[in-house]
Structure formats: structure tokens, C-alpha cells
1. Give me the accessible area of TYR92, 1.4 Å probe, in Å² rounded to the nearest 10.
2. Can you tell me how much longer the chain between SER87 and ASP197 gets when fully stretched, taken as 0.36 nm per residue apart minus their C-alpha distance, in nm with one decimal?
3. For the range 66-82, take each phi angle, set θ = phi - 60°, evaluate the Karplus expression 6.51 cos²θ - 1.76 cosθ + 1.60, and give the result in whole Hz per residue in order, putting x for glycine and proline.
4. Taking a ≥ b ≥ c as the square roots of the Cα gyration tensor eigenvalues, with a/c under 1.5 meaning rounded and otherwise prolate when a/b beats b/c, else oblate, which class fits the range 63-150?
5. Label LEU111 and ASP55 with points 7 Å out from Cα along Cα→Cβ: what is the distance between them in nm?
6. So what's the net charge close to GLY168: Lys and Arg +1, Asp and Glu -1, counting the other residues with Cβ under 11 Å from its Cβ?
7. Working with all protein chains in place, sort HIS65, HIS185 by solvent-accessible area computed with a 1.4 Å probe, largest first.
8. If you find the alpha carbon centre of the range 71-142 and of the range 30-49, how far apart are they in angstrom?
Amino acid sequence: MCQLFGMSTRTPVRVRFRWERFASQGAVAGNPDGWGVAYGGGDVQVMREPVPAVDSELVRFLAEHGPLATTVVSHVRRATQGGRILSNTQPYARVLGGFTHVFAHNGHVPLDAIPESPWLRPVGDTDSEALFCLLLSRLEPLWQHGVPPLESRCEVISEFAGEMRRRGAVNFLYFDGLTMFAHAHRRTIPGEGISTDPGLYMTLRSGNGPAGSGSCVGMDCNGPVPEQTLIATVPVDNGIWEPMEEGALIRLEQGRVV
């Protein structure tokens, strides 16, 4: 199955070993069809390739020289819908309300239709991109007159997640330029049944240790370790990871659960 990884921190850090390990694990576990990462912090940089992460020179480069960021959304793909091409590689990004929005999805959700708006038509063939376009179509009215209140955004996203859960399997990370939303559902692969394993795991790091301490393993940190929250399909280090409840939706800002 595809794998997700997300990070929110109080101050910018450089994801290094932990993200590379995640990408490599995904490919070894049977996700050979592409990888991508979005770095957020004021604006967003998105890098992705429709090749196995373990074979990517760019993955190795980013592990050592990736940009500093307060938000990271990453995805390693196992193709279940659409060919191994760039347009089917996550995470996806669109601009709405003057902010770059980023979305990565793990699961399978059959959809009957996509939004009619020309700017919200999917570029590729995946249900994940169609989900993103549908979510943005629900959020678009809120962003017409500046940044909407957090609670208004959360209400729309929560209703959307609940509707999609009734249609299929929907674990996702969504970053709207200000807040990261993580929704946990269940693991499933078309044709292989439904797993009882948690859809996402989460770990919170307090930010009390110095740079290079155990709470910052795998990251370049300038000065003290920042507060950070990590989300992943499976734990990516030996820290304390808690499974998220099925149907849980959390909001992250500056390393904290809001």
C-alpha cells in the first residue's frame, strides 16, 4: 500500500535520515511506483518522480541537502489506479486564496463525478487527485474573501472526510498553507480486502532536548530541538508512536496539535 509521512514543527528543520528511511521502506515494502515530497514554510516546494524511491538520486540528494521547512508532506506510491507517470505521483498541489494547498492520500475511494470548475479538473488519472479537487471545490467558497476561520475550514474537511469514509478508504494529509490536517481511516488495497491495522500513527516530540539529541534523530536542527509532530502510515523510527483512531481528524500548527 502507499505510505504517507507528515511533519509539523515550530521552527524550520531539515528532514534527513528519517524521510529517506521512510521513502526507502515504502519502496521495499512494495511501493515502487513513485515518490514525492512537499516542503512548506511561507510557500511550498514540491518534488516528485514516477520512479522507485530507493533508485532515486534526488531522494539521496534531498536527504542531505533538502530545504528547511516547518511542514513536510510526503508520499510513496503503490499504483492501484493510473499508470506510473508524473501526473499520477503525489503529493498534489493547487493554489487557492493566495496559498499553495497540498494533498496526499492513501486508500481507495470510488468517485462518481469531479468538480466542473476548469481549474479543479484532475491532471492525472488517480482517485487521490480527484479527491483533492473535490475537497478544494468544497473549500473554495470559504477562501473568497481572505483566510477563513480555522473552525470553518475544519468543519468542511470533517464533513468531507466522513462522506468519503462511507465510500471507501481515506487516509490523507492536507496542508492549506497554514494548517496541516491529518485524517486516519483504515488500510485497504483493492482486491486484497480490508486490514484492521491503524491507518496512521502519530508521535509528538516535546522540543526540550539539544540539537543532535534522541528527540531529533534524523533531522538537522539549528539550536534546540523544536516542538514537532510526526504522522506516518507506519512508525519510521524507534520513538513512541500512537495509532490514530479510525475516523480521527487532527489539526497541526507549528508542531502542535491545535
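1. Here the residue's solvent-accessible area equals roughly 10 Å².
2. Values: separation 110, 0.36 × 110 = 39.60 nm, distance 2.93 nm.
Full extension from SER87 to ASP197 adds 36.7 nm.
3. Rounded to whole hertz, the list is x, x, 5, 7, 9, 9, 10, 10, 9, 8, 10, 9, 10, 6, 10, 8, x.
4. On the way: a/c = 2.14, a/b = 1.08, b/c = 1.99.
Note, shape of the range 63-150 comes out oblate.
5. That separation, rounded to one decimal, is 2.9 nm.
6. Values: positive: ARG165, ARG166, ARG167, ARG186; negative: ASP127, GLU163.
Once positives and negatives cancel, what remains is +2.
7. Details: HIS65 115, HIS185 10 Å².
My answer, sorted largest first, is HIS65, HIS185.
8. Distance between centres, Cα-based: 13 Å.
The values are calculated or read from the model by the stated rules, or taken from the named source; none is laboratory data. Note that the coordinates shown come from a computational prediction; the quantities given were computed from them, not determined experimentally. For neighbour counting, all protein chains shown are included, and Cβ atoms are generated from backbone atoms with ideal geometry for every residue, glycine included. The protein model used for the area step is the full one, side chains on, heavy atoms only, and it has no ligands, DNA or RNA in it. Shrake-Rupley method; radii C 1.70, N 1.55, O 1.52, S 1.80 Å.
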